[in-house]
Each structure stands twice: as structure tokens, then as C-alpha cells.
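One structure is given here, and the rest of the page talks about it.
The values are calculated or read from the model by the stated rules, or taken from the named source; none is laboratory data. Owing to the predicted nature of the structure, the values given are computational and were not obtained by experimental measurement. In this analysis, Cβ positions are derived from the backbone assuming ideal geometry, glycine residues included, and neighbour counts consider all displayed protein chains. Just the protein is used for accessible areas: all its heavy atoms, side chains included, with ligands, DNA and RNA removed. Shrake-Rupley method; radii C 1.70, N 1.55, O 1.52, S 1.80 Å.
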Amino acid sequence: WDNADFSRGVGTTFYQEFSTLNTAKPPFIRDVEAKVRRYLRSSYSAAWTLKITWEKAPAYTARTDTRKTITYQAVLTTDGFRSYILMLYQDGGMQWDYSRLAATNVLIGYT
């Protein structure tokens, strides 16, 4: 993750909320559940999920180059007891040119 810059009118951010407790689950939610089960080798049934998408997001600052963009998602999901986040990137991973970013101490990952 890094700072995206939408000030030049390039890219967009949108979200979709899924409340699936005692309701039919759309294919997206079934896919999220399958990923959690596969990666954690645990049973999981989502009660609530939030999908946030940053589409064609240019790196901060956009005045440097708005041609290199990235599309990525964060999917937050819970069964009411356990919560997870999936960080999904377009094919090829994060493709911003880190040598042109404002910050020089670049780190990808989480703690």
C-alpha cells in the first residue's frame, strides 16, 4: 500500500457491502469464504463483508506520472467472531515505480 493520488481526475475508489447473515450468498462471497478456508484450513461462513476497490490509482504524487496506475482491493470479512482481510492486486502485483515515489523507505507488507 502507498498513498494514491486522485487529484488529477485519474482513477476512482468504490466499495460494496455484503450482509450475508441468514441470506443467500453471491458468488463473490462464496469465493471469499473459499479463500479463507483454503489459506487458513479452517471452516468459515461470512456474516458481513466489505470490498473496497481502488481502480487505476496513480501513485502519490500524481503530478509525476499518471500513466502508471494500479488496481487493487481490500476485502474485510467477519463471521461475527473472527475477522480477516484479503489484499488483492491486479496480475503482476504492485506496479508503481517505487524509485519515483515521494517516500524513499519503501516497504510492502503488513504487521
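Selection of first residues in the stretch 19-41 that are over 12 Å from Val75 (Cβ atoms) and of second residues that are in a helix (DSSP H, G or I) and open to solvent by less than 90 Å² (accessible area, probe 1.4 Å), restricted to Cβ pairs under 7 Å at least 6 apart or on distinct chains, gives the following pairs, ordered by first then second residue: Thr20/Ile29. Taking the condition in contact (Cβ under 8 Å) with a residue 24 or more places away in the chain, within 17 Å of Leu88 (Cβ to Cβ), among the basic types (Lys, Arg) and open to solvent by 30 Å² or more (accessible area, probe 1.4 Å), does Lys68 pass? Judged against the criteria, Lys68 is not a match.
Filtering the stretch 24-50 to residues that are in a strand (DSSP E or B) and of a type outside the set (S, T, N, Q) leaves Trp48, Leu50. Going through (1) open to solvent by 60 Å² or more (accessible area, probe 1.4 Å); (2) at pLDDT below 85 one by one, Glu17 falls short only on (2). Can you name the residue in the stretch 21-48 that is modelled with pLDDT under 90 and of a type in the set (Ser, Thr, Tyr) and is also farthest from Ala59 (Cα to Cα) among such residues? Across the stretch 21-48, the extreme among qualifying residues is Thr23.
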